[in-house]
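Please read the structure below before turning to the comments.
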Amino acid sequence: MNEKKWIVGNWKLNHGLLETQSFFEFLRTSCQKERFQSLNIGIAPVAPLLSWAVQCSQNSGIQIAAQNVFYQESGAYTGEWSVRHLRDLGVSWAIIGHSERRRYFAETSEQVAWKARACVEGRVMPIVCVGETLADRESGLAESVIESQLKPVLEQVDPSQICLAYEPVWAIGTGKVATSNEIAQMHERIRKLTHPSTPILYGGSIHASNARLVLEIAHVDGVLVGGASLQVDSFLSILNDATQC
Ligand code: PGA
């Protein structure tokens, strides 16, 4: 059981310098951080704005997360950055293996596992994403796909040192949330494969109107929010609901 619910906003390829600044300014002026002490809150902006987001979020109680990180510490890897760079900037968490990275950038579960390991070794909390496609689910393969995505990760890292996010690919950005039963079943399965203290987040079309329902499902320790984290008012409303779960 995890006492603190995790609410993580994944901004994907959205929001520039000014929107980042006004998001945090609005949060700061419209609520007191003490109100959200019962939550672990994170925002993942685009990589070039990580440092700026760390500055903007100072004293807000919100952690800044990367949307990706490479597994090597240094070397001839043009375009990449390492866990060391994140730590230097004050970035505490990194989303790893998001389905969009697996799909558009051909990331494999082995690479995801190496990234998770690099994060754990470098003391940045990895939020490892797993999720099946609609075709997987319709052919009864949802659980085995999740297990095969998790297996290499669990061979590389101790599950008590990571955070997981179950994000069915068909629920991401589609407005189609998995049913409470589907979420409960998969989270229970993942819990059995991991550790009682591993936070297991759900992600996929979470909005102000459904966050509370999902957060109350057994073994759901938080939510990973894409679209609804871009507007500060809908993000705030999710935070408010989460404090009551
Ligand atoms: P969504 O995205 O909330 O817009 O569906 C979730 C995610 O990709 O993490």
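Readers should treat all values here as calculations from the given coordinates under stated rules, not as data from a laboratory. Quick caveat: nothing in here was measured; it's all calculated off a predicted structure. In this analysis, Cβ positions are derived from the backbone assuming ideal geometry, glycine residues included, and neighbour counts consider all displayed protein chains.
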Distance in Å, no decimals, from the C-alpha centre of segment 109-128 to the one of segment 188-244 is 21 Å
Which whole-Hz couplings ³J(HN,Hα) result when phi for each residue of segment 9-14 is put into the Karplus expression 6.51 cos²θ - 1.76 cosθ + 1.60, θ = phi - 60°, listed in order with x for Gly and Pro? x, 9, 7, 6, 8, 9
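Can you give the percent of C-alpha pairs in the chain whose distance is more than 23 Å? Kindly include the intermediate steps, with their values, before the conclusion.
Numbers: 13523 of 29890 pairs.
Of the Cα pairs, 45 percent sit more than 23 Å apart.
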Could you count how many Lys pairs in the chain have their Cα atoms under 21 Å apart, skipping same-chain pairs fewer than 8 positions apart? 8
Give the order of H98, H219 when sorted by the count of other beta carbons within 10 angstrom, beginning with the fewest. H219, H98
Please identify, among Q55, Q32, Q149, the residue showing maximal mean-square fluctuation in a Gaussian network model of the chain using a 10 angstrom Cα cutoff. Q32
Long-range HN-HN contacts of A94 with modeled amide H, under 5 Å: A66, M125, I127
Arranged by the count of other C-beta atoms within 10 angstrom, fewest first, what order do K12, K5 take? K12, K5
Residue among L49, L18, L86 with the largest mean-square fluctuation in a Gaussian network model of the chain, springs linking Cα atoms under 10 Å: L18
Most mobile listed residue (P159, P199, P45) in the chain, GNM with C-alpha springs under 10 Å: P159
Treat the count of other C-beta atoms within 10 Å as a stand-in for reagent exposure and order E216, E132 from fewest to most. E216, E132
